[in-house]
Amino acid sequence: MKLYLELIILLPLLGGISNALLGGRLFSRRSSEFVACAVIWGSCAAALTAAYSYRSPEVVEIATWLSDFDFKAPLTLYLDPLSLSLCLMITFVCGLIHLYAVGYMRDDHCYVRFFALLNLFVAAMLTLVLAENLPLLYLGWEGVGFCSYALIGFWYSDPKNATAGRKAFIVTRIGDIGLGIAIVWMFELFGTESITRLNQMGNLLPVGIVTALGLLMLLAAMGKSAQVPLMVWLPDAMAGPTPVSAQIHAATMVTAGVYLLMRMFPLIGSSTTVSAAIAITGALTAFYGATCAVAQRDLKRILAFSTISQIGYMMLGVGSGAITAATFHLLVHAFFKALLFLGAGCVITTLHHEQDIFRMGGLRHKLPGTYWPFLAGALCLAGLPLTGGFFSKDGILSAVWRTGGMLYGGLYLVGLMTAFITAVYTMRMLLVVFGGPSTPLSHQAVDGADLTENKDKRMVSGVGPLPRIMEWPLIPLALLGLGGGLLNLPEYLGGGLLHSFLAPLTGHEPTLPHATELLLQGSAAIVALAGTATAWLRYGGQRRSLRLSEAQQPARGLQAFLREGWRVDQLYDLLFVRPYVRLATLLWQRVDEGCIDDNLDRTSTQLGRFGNMLGGLGQGRVSLSLTGMAIAAALMIAWLAWMTA
Amino acid sequence: MIVPLAHVLVLAVILFCLGLICTLVWRSNVIMMLIGIEIMLNAAMLVFVGGACHWGTADGQVFALMIMAMTSAEVSLALALVVYLHRRRNTVDTDEFRELQDQ
């Protein structure tokens, strides 16, 4: 088991390092790509073997790491149902994304940097997932943050992309403060950093402290998982290459925050305040993301906001204490979101980096290999009955219902409303991108928005060829997304696989009566179908061209408000960025240059003048020397007289 | 001795100060500076002589004689230098001779 766990992390790490050191020099392009993909699939194989030989939760110490007096943080890995299921998902999805990336990056010269970072990204995430103590988890946490920064700003020669990378880094760093404080504080309180032991000691502390710890971790999760109010980095993170977006959204980055909360839930879940805060954050974020996604016209931004929204659902699940449901949604979401991103990447590549959905169309016939998997992904996202997304989302909603009370009742309604909006925007995206008779390629700028990445390629019209390696990773993802429900069937269908697998971790989660559950699922299904119907009424058939011509007009009112993400960016600019810039300017121009530098300058001028004066004395004039001598002699005599007196 | 030692010393101090002022102030003429130096030496000699009288020993007077001899030697040497300098630069202003200054 030790070997397998080591291999799971070390293989991607090794791949990243060897690509970084040898790629481009010793490796040819093919071998570089091969190494990058092979290590991930090797890691996946190791995870599968580990799953096969898994019997009970296991702690494996690989080496000592930090050790000082009482403080010990060895390189210890912890395999339990939660980390095992996440490892399997991460390695599998990332393996497919890597294969896809080979096709996507085929024209890029910086492939070595790309694959090295992509591998490191996976290695960091696996470290985070498998870590048994918090410092090791933090190592993975920061590794993920760094790799995402480097990959979002991958095409850094465009300042816009570099800024997006920095934004992601800085915003997530705000959340990391919370985690950093929580880690140090927990050591101070408990004298240990081991997650398994911390989770057993939750009841030793007063509720107030647990609440504070939980809120700190919630802050960390808000940053990493792009929750309200720290969600502003995720839509901008679309500046990176599409495989990176897929990896960030599906497997490696944004789920880290949810994972942290799930991991530490036995500790922090004992505080009802924390649970409620998590649930409220999740519901709010889910609603926020969904409403923003309705108004977007950039294909990747729609998906980005949908991720924010779906991660919000997971948080809602965690906040309701339904770890199983949250994990279930996390896994299924990883499958269909990776699928949607990769499909979007196919569409964007085919249309020569066109991202505006209102300039797409007719792709159903031109890209059947992308259309059908994308359709499957969209059905999952919309939560249409019998897809994986339906079961996982319903699991969360029924968990919220089960918790009961005024608060959770309200949150349930918000969740249901969000499900409706989700269906609307998903189907809108699907109908506008793939529906219609043909691809309109009148690439004149619409409402001044510059949505194309590659301006010189605008002139090229028509549909470009797509490498086959970009289309076939979609198929297994589509199957997993559609059939994801089998992972965790509802109770009345014989109970879930995941539910019994995670049972030792979560304890016995209460289940609803079958009738109630059926009723909840029925209402969820009706809501999803209603959303789909609404989207069809607005964008289906002939009405699509009407919307297309409407989209030529600049957005105004509510639509513009939603498209700009509730104008949160402007708000933060007003509240934080501008005062900060003003303060920095003040400190720079007034304090540093005006006060400190100026004083030093003046002192040096005075010293120079004094030196010149002294220099004037040494000009070799006899009279002056004599005067000096006389004064010195007088002083000496005076001193002697003083001493003897 | 009729004159008290204190009076001799006061006179010597006055004489010395006059010589010093002469040296410091009259710098445009090196000969005047030499004269000032001579006056200061005379002040020193006066102290020696006064001391010798006060304590009734001959040491101070012997020293005064030695200073006279030394002074005459010094003056002859200095005057030779003055002549040399005057020949070279056609002036006896001390401030004109600054070749040794550090520049």
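The values are calculated or read from the model by the stated rules, or taken from the named source; none is laboratory data. In this text the structure is predicted, and so the values were computed from the model without any measurement. Cβ atoms come from the backbone with ideal geometry, glycine included; neighbour counts cover every protein chain shown.
Each row is one residue, and each column tells you yes or no for (1) in the same structural domain as A:ARG428 (by TED's automatic domain parsing); (2) surrounded by fewer than 24 Cβ atoms within 10 Å (Cβ to Cβ).
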position	(1), (2)
A:LEU215	no, yes
A:LYS224	no, no
A:GLN227	no, no
A:VAL254	no, no
A:GLY269	no, yes
A:GLY289	no, no
A:ALA295	no, yes
A:MET314	yes, no
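Here A:LEU493 clears all of (1) in contact (Cβ under 8 Å) with a residue 40 or more places away in the chain; (2) surrounded by fewer than 18 Cβ atoms within 10 Å (Cβ to Cβ) except the condition numbered (1). Here A:LYS167 clears all of (1) in contact (Cβ under 8 Å) with a residue 40 or more places away in the chain; (2) of a type outside the set (Phe, Trp, Tyr); (3) under 26 Å from A:ALA73 (Cα atoms) except the condition numbered (3). If you filter region A:358-402 down to residues that are charged (D, E, K, R) and in contact with a Phe, Trp or Tyr (Cβ under 8 Å, 6 or more places away or on another chain), you find that the one that is farthest from A:LEU284 (Cα to Cα) is A:ARG364. A:LEU66 meets each of the listed conditions (1) under 28 Å from the mean Cα position of the chain (by Cα); (2) exposed (fewer than 15 other Cβ atoms within 10 Å of the Cβ); (3) farther than 17 Å from A:LEU137 by Cβ apart from (3). Evaluation of A:VAL577 against the conditions (1) within 14 Å of another protein chain (Cβ to nearest Cβ); (2) assigned to a helix (DSSP H, G or I) shows that the sole unmet condition is (1).
The sole residue among A:ALA560, A:ALA528 that is surrounded by 16 or more Cβ atoms within 10 Å (Cβ to Cβ) and more than 20 Å from A:THR327 (Cα to Cα) is A:ALA528.
Scanning region A:170-191 for residues that are closer than 17 Å to A:PHE265 by Cα and in contact with an Asp or Glu (Cβ under 9 Å, 6 or more places away or on another chain) yields A:ILE183, A:MET186.
Quick check on region A:330-359: of everything there that is part of a loop (DSSP other than H, G, I, E, B) and surrounded by fewer than 24 Cβ atoms within 10 Å (Cβ to Cβ), which residue is nearest to the chain's Cα centre (by Cα)? Per the stated criteria, the residue is A:GLN355. Does A:CYS346 satisfy the condition of being more than 25 Å from A:ASN488 (Cα to Cα) and not assigned by TED's automatic domain parsing to the domain that holds A:LEU482? Answer is no for this residue.
For region A:107-153, taking the residues that are over 30 Å from A:LYS72 (Cα atoms), of a type in the set (A, V, I, L, M, F, W, C) and touching an Asp or Glu at 6+ places or on another chain (Cβ under 9 Å), the one that is surrounded by the most Cβ atoms within 10 Å (Cβ to Cβ) is identified as A:ILE152. Out of the residues in region B:55-88 meeting the condition of being hydroxyl-bearing (Ser, Thr, Tyr) and surrounded by 11 or more Cβ atoms within 10 Å (Cβ to Cβ), tell me which one is nearest to the chain's Cα centre (by Cα). Going through the qualifying residues, I end up with B:THR71. When B:SER28 is tested against the conditions (1) among the small types (Gly, Ala, Ser); (2) touching a Leu at 6+ places or on another chain (Cβ under 8 Å); (3) modelled with pLDDT under 90, the lone failure is (2). The residues of region A:7-34 that are touching a residue at least 40 places away in the same chain (Cβ under 8 Å), in a helix (DSSP H, G or I) and more than 25 Å from the chain's Cα centre (by Cα), listed by number, are A:ARG29, A:SER32. Going by the conditions given, is A:ALA584 of a type in the set (A, V, I, L, M), in a helix (DSSP H, G or I) and within 14 Å of chain B (Cβ to nearest Cβ)? The answer is no for A:ALA584. Whenever a residue of region A:528-553 is more than 16 Å from A:PHE358 (Cα to Cα), its partners that are among the charged types (D, E, K, R), lying with C-beta atoms within less than 8 angstrom and at least six residues away or across chains, give the pairs A:LEU537/A:ARG543. Only residues that are in a helix (DSSP H, G or I) and within 14 Å of chain B (Cβ to nearest Cβ) were counted in region A:612-625, giving 9.
When the criteria are applied in full, A:LYS366 meets the requirement of being farther than 26 Å from A:LEU487 by Cα and basic (Lys, Arg). Being surrounded by fewer than 17 Cβ atoms within 10 Å (Cβ to Cβ) and in contact (Cβ under 8 Å) with a residue 40 or more places away in the chain is a property that does not hold for A:PRO513. Only a single criterion out of (1) of a type in the set (Lys, Arg); (2) buried (at least 24 other Cβ atoms within 10 Å of the Cβ); (3) out of contact with any helix residue (DSSP H, G or I) (no Cβ under 7 Å at 6 or more places or on another chain) is not satisfied by A:LYS366, namely (2). Entry remark, region A:27-54: residues being under 14 Å from A:VAL102 (Cβ atoms), of a type in the set (S, T, N, Q) and surrounded by 16 or more Cβ atoms within 10 Å (Cβ to Cβ) number 1 in total. Can you tell me which of A:VAL244, A:VAL258, A:VAL274 is touching a Lys or Arg at 6+ places or on another chain (Cβ under 9 Å) and either assigned by TED's automatic domain parsing to the domain that holds A:LEU339 or of a type in the set (Val, Ile, Thr) (or both)? It is A:VAL258.
The sole residue among A:LEU137, A:LEU88, A:LEU75, A:LEU82 that is within 17 Å of A:GLU6 (Cα to Cα), in contact (Cβ under 8 Å) with a residue 60 or more places away in the chain and part of a helix (DSSP H, G or I) is A:LEU137. Among the residues of region B:13-30, is any of a type in the set (Phe, Trp, Tyr), within 14 Å of chain A (Cβ to nearest Cβ) and outside any helix (DSSP H, G or I)? Yes - at least one qualifying residue is present in region B:13-30.
Where helices (runs of 4 or more DSSP H) sit wholly within region A:419-535, those with at least 3 residues that are modelled with pLDDT of 75 or more, small (Gly, Ala, Ser) and in the same structural domain as A:ARG364 (by TED's automatic domain parsing) occupy A:474-483. Taken residue by residue, region B:65-88 has no member that is within 13 Å of chain A (Cβ to nearest Cβ) and of a type in the set (D, E, K, R).
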